[in-house]
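Q: Please read through the structure below; I'll follow up with questions.
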Amino acid sequence: QNDEGNQTGGEPPVERLRRTRRTRGNKSSLQNAIALKEKSNAVVQPFSRPRPKRKKKKVVVKPIPKAKSQPKPSKPSQNEYARPPSCLPSFNTASKKTEKRKREMPPPRRFTPGTHWRLDKTQIQLCYDASIEHYDKVMNTVKARALFAELQDGFDVLRERGRGRYDMELPAFDEDVFKFFTDPTQAPWMQVVHQILGPDVSLIHKGIFLSMPGAVAQNYHQDGPHLTTQYQRPCHAINVFVPLVDLTLRNGPTEFVLGSHILGYDGYRKSDSYIPLVKAGTPIIFDYRLGHLGMY
């Protein structure tokens, strides 16, 4: 035993075996740590498929065709009496051709105010005095009883249609002295009314619309709806406005939109606006469905 121990540096065999196993264990752990480090530093590249080649399409830009020029509408003669714009043929507004028909709609016909069927100066003054007397009487009652809050809701003889605008019903118009415009057989404009509505007509409302200085403008509106929304029907009711003063742009005339009585065209269009500035006593006759507004 001593000879073997001297050959190995003087260490017993048991100690040499332990030292060898410890060295091998340290070497194995070092190799494992290096392998794990290399594995963690490895970069994993994603799998990529080759993309198919796409063919390029050529785009050809075509020039926009020029719009065809439309002939200008002929102007009415001076002797021709004012007539409403011609109606379009009846059509269904729910169809898909509505937009196309709107583009094909001819421009509304302009007209020249006529000089027929006017009230005379005595009749104009009689109606003017009755309206001012009625307004003063009602407003004195409102001030005496402090009914300013109720004035906004309106009474049976006077309703406020916006600040400074009053819609009045005069009991005096039922008297015989005013039959020159309330009696269908005596009103001077009934010849035009019969041409539009036929021989069987009746008066359903009469009154005075008063616009005071500083009154606000009305909202655009129609006085009545269409009897059906399926197709355009002929005129079934009309309004007759008879100004008691000469109409100018400074005293609140009425603005009309020509052609707005046609089904599907009832919106406001500034290009079709018309403001008749006529003399006192001249009747302004228009379709019940025509859009209009009182100006300031």
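Q: The conditions are (1) surrounded by 10 or more Cβ atoms within 10 Å (Cβ to Cβ); (2) of a type in the set (Gly, Ala, Ser); (3) out of contact with any Lys or Arg (no Cβ under 6 Å at 6 or more places or on another chain); (4) more than 28 Å from TYR265 (Cα to Cα), and ALA217 fails exactly one of them. Which is it?
A: ALA217 satisfies all of (1) surrounded by 10 or more Cβ atoms within 10 Å (Cβ to Cβ); (2) of a type in the set (Gly, Ala, Ser); (3) out of contact with any Lys or Arg (no Cβ under 6 Å at 6 or more places or on another chain); (4) more than 28 Å from TYR265 (Cα to Cα) except (4).
Q: Count, please, the residues in region 145-197 that happen to be under 29 Å from TYR296 (Cα atoms) and outside any helix (DSSP H, G or I).
A: Counting residues in region 145-197 that are under 29 Å from TYR296 (Cα atoms) and outside any helix (DSSP H, G or I) gives 20.
Q: Hey, does region 220-234 have a residue that's aliphatic (A, V, I, L, M) and within 21 Å of ILE204 (Cα to Cα)?
A: Yes.
Q: Here is a follow-up. I'd like to know if region 268-289 contains one or more residues that are under 26 Å from PHE181 (Cβ atoms), open to solvent by 70 Å² or more (accessible area, probe 1.4 Å) and not in a strand (DSSP E or B).
A: yes
Q: Residues in region 235-253 that are in a strand (DSSP E or B) and farther than 27 Å from PRO188 by Cα: how many?
A: We begin by selecting, within region 235-253, every residue in a strand (DSSP E or B); these are 238-241.
Now restrict to residues that are farther than 27 Å from PRO188 by Cα: none.
Within region 235-253, residues that are in a strand (DSSP E or B) and farther than 27 Å from PRO188 by Cα number 0.
Q: When both residues are 6+ apart or on different chains and their Cβ atoms are under 7 Å apart, which pairs have a first residue that lies in region 116-142 and is among the β-branched types (Val, Ile, Thr), and a second that is outside any helix (DSSP H, G or I)?
A: Pairs found: ILE124/LEU244; ILE124/ALA280; ILE124/GLY281; VAL138/VAL157; VAL138/LEU158.
Q: Moving on to the next point. Tell me which residues, restricted to region 198-214, are open to solvent by less than 50 Å² (accessible area, probe 1.4 Å) and assigned to a loop (DSSP other than H, G, I, E, B).
A: GLY198, VAL201, GLY207 - these are the residues of region 198-214 that are open to solvent by less than 50 Å² (accessible area, probe 1.4 Å) and assigned to a loop (DSSP other than H, G, I, E, B).
Q: Exactly one condition in (1) in a strand (DSSP E or B); (2) over 20 Å from PHE173 (Cα atoms) is false for GLN232; which is it?
A: (1)
Q: Turning to a different aspect of this structure: Out of (1) closer than 20 Å to VAL192 by Cα; (2) assigned to a loop (DSSP other than H, G, I, E, B), what's the single condition that is false for PHE256?
A: Answer for PHE256: the failing condition is (2).
Q: Would you confirm whether or not region 250-266 contains a residue that is within 26 Å of TYR135 (Cβ to Cβ), under 18 Å from the mean Cα position of the chain (by Cα) and not acidic (Asp, Glu)?
A: The answer is yes; a qualifying residue exists.
Q: Taking the residues in region 146-156 that are farther than 22 Å from HIS221 by Cβ and touching a helix residue (DSSP H, G or I) at 6+ places or on another chain (Cβ under 9 Å) as candidates, determine which candidate is surrounded by the fewest Cβ atoms within 10 Å (Cβ to Cβ).
A: PHE148
Q: Identify, by number, the condition in (1) of a type in the set (Val, Ile, Thr); (2) part of a loop (DSSP other than H, G, I, E, B); (3) under 17 Å from ILE208 (Cα atoms) that ILE262 doesn't meet.
A: Going through the list (1) of a type in the set (Val, Ile, Thr); (2) part of a loop (DSSP other than H, G, I, E, B); (3) under 17 Å from ILE208 (Cα atoms), ILE262 breaks only (3).
The values are calculated or read from the model by the stated rules, or taken from the named source; none is laboratory data. Note that the structure is a prediction, hence the values are computed from the model and not measured. Cβ atoms come from the backbone with ideal geometry, glycine included; neighbour counts cover every protein chain shown. The protein model used for the area step is the full one, side chains on, heavy atoms only, and it has no ligands, DNA or RNA in it. Shrake-Rupley method; radii C 1.70, N 1.55, O 1.52, S 1.80 Å.
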